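The values are calculated or read from the model by the stated rules, or taken from the named source; none is laboratory data. Bear in mind the structure is a predicted one, so any value in this text is a computation, not a measurement. Cβ sites come from the backbone with ideal geometry, for glycine too, and all protein chains shown count toward neighbours. When the accessible area is computed, the model is the full protein with side chains, heavy atoms only, and any ligands, DNA or RNA have been set aside. Shrake-Rupley method; radii C 1.70, N 1.55, O 1.52, S 1.80 Å.
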Amino acid sequence: MKSISDISKLYDLFERRYGIAIADAQQGSEMWQILKLGVISASNVSKVVAKKGSDTRNTYMANLVAQICTGVFEEINSKYLEWGNFHEDAARSYYEFSTGNIVKELPFVFKDESFRVGCSPDGIVSESRGVEIKCPYNATNFIQFLVDDKIKPEYVWQYQFSLWVMNAESWDFVQYHPSMKKNPMKVLTVYRDEKKWEIFDELVPEFIHDMDQMLNKAGFVFGEQWQRISQNTEVLNDV
């Protein structure tokens, strides 16, 4: 799995290439949003592997292109996201207490020097394993996971993409619901799926190729979103 040293080297390269220091970015911060501009992320990878020509794939591609063209990252806010964000720290603490694992938090991790894809893992717990924590708003969804190991397909794609980005062997997929009177958390260790990794190896470069064609038609190239920001000292000073 990528080591902290490997991740730091990518951050250093990003800073040398684009003039933006991102090592201290925290998930959810403005800097975190900046470094995600136009980048394929684990939470949206199910849209990347969707059928070519589908509205799902096309809309996500257009959204990434729009982020590059405008420098604006628009995160959808909802009561579900607010719930998850509010309970995330408690869930992490409960996970650490119940498993004995210490979570090393990370901001956004790029897969490689192209800076085209990455993930925002909730943390790493060993040299070969990370953790993804979900706090479902709906207790029904939590019960389905608790008793049947039922995981939404988009979550499966998400944690497999995180495994792929991090080159990890396993991941703890965790769900936590604070309203449960017993068993508020379940931890399911999942492992790399070679077939899904082969799909990423094939479809991610294809998506990037099509995205670059869209960028070209709009008169932009990937990377200039960060170059513009680095030249705007007022923006960086406000971050």
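Sorted by accessible area with a 1.4 angstrom probe, largest first, how do Asp6, Asp201, Asp210 fall? It would help to have the intermediate numbers written out before the result.
Working: Asp6 65, Asp201 90, Asp210 20 Å².
From most exposed to least exposed: Asp201, Asp6, Asp210.
Taking a sphere under 11 Å around the Cβ of Gly38 and counting the other residues whose Cβ falls inside, with K and R at +1 and D and E at -1, yields a net charge of 0. Of the solvent-accessible surface of region 104-239, computed with a 1.4 Å probe and all protein chains present, 46% belongs to carbon and sulfur.
Summed over qualifying helices (DSSP H, 4 residues or more, each -39500 (n - 2.57)) and divided by its residue number, the chain shows a 222 nm mean residue ellipticity of -16500 deg cm²/dmol.
Using only Cα atoms and rounding to the nearest 10 degrees, what angle (0 to 90) does helix 55-70 make with the longest principal axis of the chain? With rounding to tens, the tilt is 50 degrees. Over all pairs of different C-alpha atoms in region 108-160, the reciprocal of the mean inverse distance, the Kirkwood hydrodynamic radius, equals 13.1 Å.
Restriction of the trypsin sites (Lys or Arg not before Pro) in region 56-158 to DSSP coil positions whose beta-carbon has at most 16 other beta-carbons within 10 angstrom yields Lys150.
Which GluC sites (Glu not before Pro) from region 54-157 combine a DSSP loop assignment with at most 10 other Cβ atoms within 10 Å? Each step should come with its number before you reach the end.
Details: sites: Glu74, Glu75, Glu82, Glu88, Glu96, Glu105, Glu113, Glu127, Glu132, Glu154; in loops: Glu74, Glu75, Glu105, Glu113, Glu127.
Answer by residue number: Glu74, Glu75, Glu127.
Straight-line cross-link partners of Lys47 among the lysines, defined as a Cα under 28 Å from its Cα and at least 8 positions apart when in the same chain: Lys2, Lys36, Lys79, Lys111, Lys134, Lys150, Lys152, Lys186, Lys195, Lys196, Lys217.
For the residues Ser170, Ser46, a 1.4 Å probe over the protein chains yields an accessible-area ranking, largest first, of Ser46, Ser170.
What's the Cα-based Rg to Rh of region 69-228, Rh via Kirkwood? Dividing the radius of gyration by the Kirkwood radius yields 1.01. Taking only protein heavy atoms and a 1.4 Å probe, the accessible area of region 1-55 is 45% carbon and sulfur. In the complete set of protein chains, residue-level accessible area for Cys135 is approximately 20 Å², probe 1.4 angstrom.
Just the number, please: percent antiparallel of the DSSP beta bridges in the chain, rounded to the nearest 5.
60 percent
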